1. Residues of the chain: accessible area per residue at 1.4 Å, in Å²?
2. Whole-Hz Karplus ³J(HN,Hα) for region 109-126, in order, using 6.51 cos²θ - 1.76 cosθ + 1.60 and θ = phi - 60°, x for Gly and Pro?
3. Could you work out [θ]222 nm for the chain from helices alone, using -39500 (n - 2.57) per DSSP H run of at least four and dividing by all its residues? Round to the nearest 500 deg cm²/dmol.
4. Keeping the other protein chains in place, figure out the carbon and sulfur percent of the accessible area of the chain, with a 1.4 Å probe.
5. Please work out the C-alpha center-to-center distance from region 407-461 to region 292-336 and express it in whole Å.
6. Can you tell me the 0 to 90 degree angle between the C-alpha axis of helix 80-90 and the longest principal axis of the chain, rounded to 10?
7. Please work out the FRET efficiency for the pair residue 317 and residue 133, using the Cβ-Cβ distance as r and a Förster radius of 45 Å; give the result to the nearest 0.05.
8. Would you grab the residues whose amide H sits under 5 Å from the one on residue 352? Only those 5+ places off in sequence or on another chain, please, with H modelled 1.01 Å from N.
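The values are calculated or read from the model by the stated rules, or taken from the named source; none is laboratory data. Predicted, not measured: the structure shown is a model, and the values here were computed from it. When we count neighbours, we look across all protein chains shown, and the Cβ atoms used for this are built from the backbone with ideal geometry, even at glycine. Side chains included, ligands, DNA and RNA excluded: accessible areas come from the protein's heavy atoms. Shrake-Rupley method; radii C 1.70, N 1.55, O 1.52, S 1.80 Å.
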Amino acid sequence: MLVKTYCAAVNGLDVTTVMVEVSLTRGVMFHLTGLADAAVKESHDRIAAALLNIGYKFPVADVTVNLAPADIKKEGSSFDLPLAIAILAANEKIKTDRLSEYMLVGELGLDGQLQPVRGALPIAIRARAEKFKGLIVPKQNVREAAVVNNLNVYGMENLLDVISFLNGVGEYAPEEVDARKEFYDHQYNFDLDFSDVRGQESVKRALEVAAAGGHNLIMIGPPGSGKSMMAKRLPSILPPLSLAESLETTQIYSIAGKMSQNTSLISQRPFRSPHHTISQVALVGGGNNPQPGEISLAHNGVLFADELPEFNKSTLEVLRQPLEDRKICISRAKYNVEYPCSFMFVASMNPCPCGYYGDPTHHCACTPGQIQRYMNKISGPLLDRIDIHCEIQAVPFKQLSEMQPGEPSATIRERVIKARQIQTERFSSLPKQGGQRRVHCNAQMTERMLHQFAEPDAASMDMLRMAMEKLKLSARAYSRILKVARTIADLEGSENVQSHHIAEAIGYRNLDRGDWAERGT
């Protein structure tokens, strides 16, 4: 007897509907075709044990399984459930009249329990696009998949529940999730707030500018000056995620298996802080089974690199192209996948190996050569891609104990949102790509847009020319200054970029100065 069930294969953000064909004939062999990996091939043993433990027997027959289309690689354990159902249906233990209406995904435990799988959300989106009536997933994945409307999503505890459902025995209701309500209810629930930060007004100003324009930022200062503390609070002043951004980010986390249980949509911008020992593959993605890297997990959020010079230099260099293109294409011999990675890159570092170069309260024992070698761990091309360089000094204890709590994140966020709204209106008239806007904030402007929206007046241009010649800035640094100046003008509500906007933006290029290692020695 020949029976067909349906599931899906996930490759990057692309999902392909897979038809599971099972044929039973006389014999005792098990044949699996369709470019399956080891995890799929091992499903035979899991299915046999699961069927035995729930009161069924694996059929004594020649079982031939084909996963179509056969030329697409099938990976993972999510094929267990559709395989088990197809085998039972071919053995006439399950009615076949409803099999074509539902897509099934799930891993089987040896006791018949369904275990969670990766990619439930993009699979649900694919099931709706293919006009399936419903999707059957493990209970742990149901809220994640139920975000997709116009699709009945059923969360099942075990294989017996799925059998009963398909046989029409018992009552099973589809999961209902008010994704919009949950999304908006959790947007502003931050554990960290800028009101905890006392002093450091210039650094908080730099972070506000960075948040308003989506700019990359690096903080340089001695240990204990609050670099990590302020970076971790940056998401609390960023504009809230839109539903479209949330759905895109949630898909990436779903594919990576990073979704926590009982979570439907990611409602806050991601903040990823990888350790400096991270490898290139873990940072940008890839591996034997292609997975999103940290830069994709930070999509629509913040990637924070603490102690930047301690990262492997070759690892940092792989960030150069994603920072420009805001997507990463991973090409290997067996696959080619593309992940989005539009993130704010925020880094922190000490100014020298001992950490106290330029600190008025501590003596620095490093020579200019040691400081220069330490700084050279970060390449010029990478620094060029960081818009804002911000120096930071530790706040003395006397001032720290006397100061009032800082400005709360909610107040700063209001100013950031107003500046972003100005940018949204500015870029709304630009041509779209694939039905979506290509530019959302000032940091994403092209050179042509700079001439259109951030052209300085004559006095500002003279100031910028002098800074370019004195600091020996690159053409990319010139563009960064104009982008930051445009953001400062937006925060001020100014239609034109003025000289004091350019002056502040030039002040955020500290690491471009050639005398960095000689200052204060």
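1. Per residue, the chain has an accessible area of 45 Å².
2. Using θ = phi - 60°, the values come out as x, 5, 8, x, 6, 8, 9, x, 10, 8, x, 4, 5, x, 5, 5, 4, 5 Hz.
3. So the helix-based figure for the chain works out to -10500 deg cm²/dmol.
4. Working: 11320 of 23280 Å².
C and S fraction of accessible area: 49 percent.
5. 24
6. With rounding to tens, the tilt is 20 degrees.
7. For residue 317 and residue 133, the calculated efficiency is 0.35.
8. It is 357, by chain and number.
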